[in-house]
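Notes follow the structure.
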Amino acid sequence: MGERILVLDAGTTSTRAMLFGADGALHHMAQRELTQHYPKPGWVEHDADEIWRRTLACAQDVVAKAGGPGAVAAIGIANQRETVVAWDRNSGEPLARAIVWQDRRTAPLCAELKAAGHEDALHRRTGLVLDPYFSATKMRWLLDNEAAVRAAAERRALALGTVESWLVFKLSGGAFVSDASNASRTLLLPLEGAQFDPGLCALFGVPPAALAEVVDTHGMLARTSGDILGASIPICGLAGDQQAATVGQGCLAPGETKATYGTGAFVLTNQGDAVPRSTHRLLGTVLTQRDGKRRFALEGAVFVAGSLVQWLRDSLGLIGSAAETEALARSIPDSGEVTIVPALSGLGAPHWRAEARGVIAGLSFSSGRAQIARAALEAMAHQTHDLADAFAADGAPWQSLRIDGGMSANDWMAQDLADMLDIEVERPDFVETTAFGAAMLAAVGARLHPSLEDAVGAMRGKVRRFEPSLAPERRAERLVRWRKALAAV
């Protein structure tokens, strides 16, 4: 058996396979785009079979580059969270398109459950709020609106799972599991419960028989069937992408905080073994689980980050590439009072307004590409500042912030975060920490490292630090503009 770790990173816009050494070195990578389907306003879907086929193709490419499956000690999987796949457990075929985490179609059901007074109890038990973001209402929608899903449920052949469940099922030829970090994003797993809760399933009308067994995030979790990658390889790490990134950033001690700026922006603060309790609309989530013992995190989720820049590029044609935004932001002294509230798929934490829509405020004849591009980047710091206030109010203030994800490579944005948050911002040289964290989990699960702390010490590389340098009065001026624009939403 080799000593390299194959990571499958099934994201929102693309899926990748990466091969890491036990020292953290990246040896090979393959990537394929995923098709985004938008059948109606607010609806976002993926083809689950495409996720599987393209993830498998990436894995096969990387294993071939490594010289065959003998080089691989273990597999780790990180995935877009909350996205729901429905498939037939007998045939292994999808029964409908997957409903993506960004999808807002279940807002009316969430509103009904809120009106019935269920949200406070759900927040207390699961750490989550009633929002279309989470998986349970997506599962209910599929049962109500897709005849094939309903028929499979009636003959007890239905599988409802998040993306890691789907990939493990296909890789293993039938193992049906969900790791605790992903399961904690469904509204169906109590933070202090070992398995999906029958009472919560009844509230949402989800049949427990259609759900997976909840397992650890690292350990011997499943094995690939021999014909998939040329040999049977143990699957030793599973985690939702944001929990994986938290591990990859080395945030293993209580209070340590990371922010990932990808399609959305997600901030997690390690809470150790203390079950998170928020009074400021933040989320409690399972960070890791080993031998049934959990570490928790407090989380703030922003729905639109990199997807705002993608919208400026693809829908408005204001930029040719995401990289242009940094030069445009540097080309002017300020945004000319242009402020963007990027609520293109509602507002996430700490506001939780599913019906909100985006706003560009402060436009004048002097506003151009540069002002709008700079305002888009400034929106990242504005949204993060709202989260920082909520975390502090919940007794979890940030002393520093570790950032990662594709957007974090933008030096201007990293400095702007430090300036607006008035704390040190740290960025690793290797910003794709989601895959890195999955590699660490799998390395520990396969006993290549004795603990996550040892894995971080051996695998995490160099970092760059950004120190705040903005005058307090300028910070205050921007926050006034931001809050005015936010009020309009």
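Throughout, read-outs are computed from the coordinates displayed, never taken from laboratory work. What you are looking at is a predicted structure, and each value in this text was computed from that prediction instead of being measured. Here the Cβ is made from the backbone with ideal geometry for all residues, glycine too, and neighbour counts use every protein chain on show.
Observations on the structure shown:
- A single member of Glu50, Glu33 is surrounded by fewer than 23 Cβ atoms within 10 Å (Cβ to Cβ), among the charged types (D, E, K, R) and closer than 18 Å to Glu164 by Cβ, and it is Glu50.
- If you go through region 87-140 and keep only what is closer than 19 Å to Leu211 by Cβ and of a type in the set (D, E, K, R), you end up with Asp88, Arg89, Glu93, Arg125, Lys138, Arg140.
- Residues that are over 17 Å from Lys40 (Cβ atoms) and of a type in the set (D, E, K, R), drawn from region 100-120: Glu112, Lys114, Glu119, Asp120
- Hits in region 311-342 (condition: under 19 Å from Val480 (Cβ atoms) and either crowded, with 21+ Cβ neighbours inside 10 Å or touching a Gly at 6+ places or on another chain (Cβ under 8 Å) (or both)): Ser335, Gly336, Glu337, Val338, Thr339, Ile340, Val341, Pro342
- Qualifying positions in region 317-348 - in contact (Cβ under 8 Å) with a residue 24 or more places away in the chain, more than 18 Å from Leu417 (Cα to Cα) and of a type in the set (S, T, N, Q): Ser331, Ser345
- Filtered by the rule that a residue be of a type in the set (Ser, Thr, Tyr), part of a strand (DSSP E or B) and under 13 Å from the mean Cα position of the chain (by Cα), region 236-267 gives Thr260, Tyr261.
- Of all residues in region 53-88 being within 26 Å of the chain's Cα centre (by Cα) and basic (Lys, Arg), the one that is surrounded by the fewest Cβ atoms within 10 Å (Cβ to Cβ): Arg53
- The condition (being free of Cβ contacts under 8 Å to residues at least 40 places away in the same chain, in a strand (DSSP E or B) and touching a strand residue (DSSP E or B) at 6+ places or on another chain (Cβ under 7 Å)) is satisfied by just one residue among Arg16, Arg54, Arg32: Arg32.
- If the condition is being under 20 Å from the mean Cα position of the chain (by Cα), of a type in the set (A, V, I, L, M, F, W, C) and part of a loop (DSSP other than H, G, I, E, B), then region 89-98 contributes no residue at all.
- Given (1) in a loop (DSSP other than H, G, I, E, B); (2) of a type outside the set (Asp, Glu); (3) in contact with a helix residue (DSSP H, G or I) (Cβ under 7 Å, 6 or more places away or on another chain); (4) farther than 16 Å from Gly240 by Cα, index of the condition Ala59 fails: (1)
- Applying the criterion of at least 3 residues that are in contact (Cβ under 8 Å) with a residue 40 or more places away in the chain and surrounded by fewer than 24 Cβ atoms within 10 Å (Cβ to Cβ) to the strands (runs of 3 or more DSSP E) found wholly in region 129-235 leaves 218-223.
- Evaluation of Cys236 against (1) touching a His at 6+ places or on another chain (Cβ under 7 Å); (2) over 13 Å from Val177 (Cβ atoms) (one fails), failing number: (2)
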